[in-house]
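Okay, structure first, notes after.
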Amino acid sequence: MRTPLLFLFIVSLLLMSCSGEDGDVGPQGESGENGYHCWDTNTNRFNDSEEDTNDDGEWNNLDCIGMDGLNGKNGVNCWDLDADFMNDPEEDINEDGKWDVTDCQGADGNADVQRIVLDFDDAYIYDSIIQFTVPQLTPENIEDYVLLFYLEYVQLNSVYLPIPGGVAEFDRSYNVFFEPGFVYISVSTFDGSDTNPGWLGEWDFLHITLIKISALEDKGQTAQIQKALMETDIVIEDHKVLSPYFNKE
């Protein structure tokens with residue numbers, strides 16, 4: 001029975017004698033080779049002339065910026081509905097003989113309030129009368145809508161004049177009448193003494209707002225219509241025709 005115990009004792013002594021102290025830290029390994037500069041495209045570690053990409057006489061990170069890519073193809077105009085780069089007749093949405101951003105304007109958010117904007121440059125002057133061609137002004141629209149008219153003077157953030165109306169400073173008074181397809185504006189002096197005083201060049205646009213009569217007669221719609229008019233800077237009090245619908249004196 002003594003032999004196994006003696007064997008275990010000898011083995012333990014041997015194991016204890018094998019664990020020495022930690023050795024010193026070994027020497028640092030050799031540094032790796034330096035990397036290549038981003039402009040050294042052929043990795044020869046030389047500043048070659050063709051690697052000065054921006055031709056500024058220096059080799060640095062600016063030479064690593066890539067070249068601009070090729071320009072993309074021109075996009076189509078917003079009114080070019082079929083993207084054929086042609087001004088097709090049906091793409092002249094407002095039928096003013098022009099193809100421009102005004103043909104891209106969607107309908108008013110309130111279906112009961114519509115707006116037409118006409119450029120004075122497209123009107124015809126007959127002495128004391130200016131004629132606008134308005135294809136949207138159909139017999140049905142004239143019968144079913146209340147029409148409001150404003151003149152706009154763009155300078156100084158736009159000045160609007162409801163018509164019929166006048167401006168004493170200009171010594172001009174304006175009246176308006178219409179028929180299917182046309183609107184006419186006549187001019188006189190402010191006091192009405194001269195019915196052919198000549199036109200002044202202040203006005204840039206004629207705004208026509210159409211409000212559906214059936215919606216005006218629906219008292220549940222008047223608040224929404226009033227909000228739509230206010231968003232287009234239309235003052236209800238400027239138009240006597242709207243007074244009965246908005247309880248205005």
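The values are calculated or read from the model by the stated rules, or taken from the named source; none is laboratory data. Small disclaimer: the values here were computed from a predicted structure and weren't measured. So basically every Cβ, Gly included, is an ideal-geometry build from the backbone, and we count neighbours across all protein chains shown. What goes into the accessible areas is simple: the full protein's heavy atoms, side chains included, and nothing from ligands, DNA or RNA. Shrake-Rupley method; radii C 1.70, N 1.55, O 1.52, S 1.80 Å.
If only residues of segment 167-204 that are modelled with pLDDT of 90 or more and hydrophobic (A, V, I, L, M, F, W, C) are counted, the one that is farthest from the chain's Cα centre (by Cα) is 187.
Just need a number here: residues in segment 109-162 that are of a type outside the set (Val, Ile, Thr) and within 24 Å of the chain's Cα centre (by Cα). Before you say what the answer is, go through the steps one by one.
Of the residues in segment 109-162, the ones of a type outside the set (Val, Ile, Thr) are 109-112, 114-115, 118-124, 126-128, 131-132, 135-137, 139-141, 143-145, 147-153, 155-158, 160-162.
So of that shortlist, the ones also within 24 Å of the chain's Cα centre (by Cα) come out as 109-111, 114-115, 118-119, 152-153, 155-158, 160.
Qualifying residue count, segment 109-162: 14.
For residue 209, are the conditions met, namely being free of Cβ contacts under 8 Å to residues at least 40 places away in the same chain, polar (S, T, N, Q) and either open to solvent by less than 70 Å² (accessible area, probe 1.4 Å) or touching a strand residue (DSSP E or B) at 6+ places or on another chain (Cβ under 7 Å) (or both)?
Numbers: free of Cβ contacts under 8 Å to residues at least 40 places away in the same chain: no; polar (S, T, N, Q): yes; either open to solvent by less than 70 Å² (accessible area, probe 1.4 Å) or touching a strand residue (DSSP E or B) at 6+ places or on another chain (Cβ under 7 Å) (or both): yes.
It is false that residue 209 is free of Cβ contacts under 8 Å to residues at least 40 places away in the same chain, polar (S, T, N, Q) and either open to solvent by less than 70 Å² (accessible area, probe 1.4 Å) or touching a strand residue (DSSP E or B) at 6+ places or on another chain (Cβ under 7 Å) (or both).
Take residue 54 and tell me if it is in a loop (DSSP other than H, G, I, E, B), modelled with pLDDT of 75 or more and touching a helix residue (DSSP H, G or I) at 6+ places or on another chain (Cβ under 9 Å). Spelling it out, residue 54 is indeed in a loop (DSSP other than H, G, I, E, B), modelled with pLDDT of 75 or more and touching a helix residue (DSSP H, G or I) at 6+ places or on another chain (Cβ under 9 Å). Take the conditions among the aromatic types (Phe, Trp, Tyr) and in contact with a helix residue (DSSP H, G or I) (Cβ under 6 Å, 6 or more places away or on another chain) and apply them to residue 199. Does it pass? No; evaluated as a whole, the condition is false for this residue.
How many residues are within 18 Å of residue 67 (Cα to Cα) and either loosely packed, with under 10 Cβ neighbours inside 10 Å or at pLDDT below 80 (or both) when one looks only at segment 13-49? Counting residues in segment 13-49 that are within 18 Å of residue 67 (Cα to Cα) and either loosely packed, with under 10 Cβ neighbours inside 10 Å or at pLDDT below 80 (or both) gives 2.
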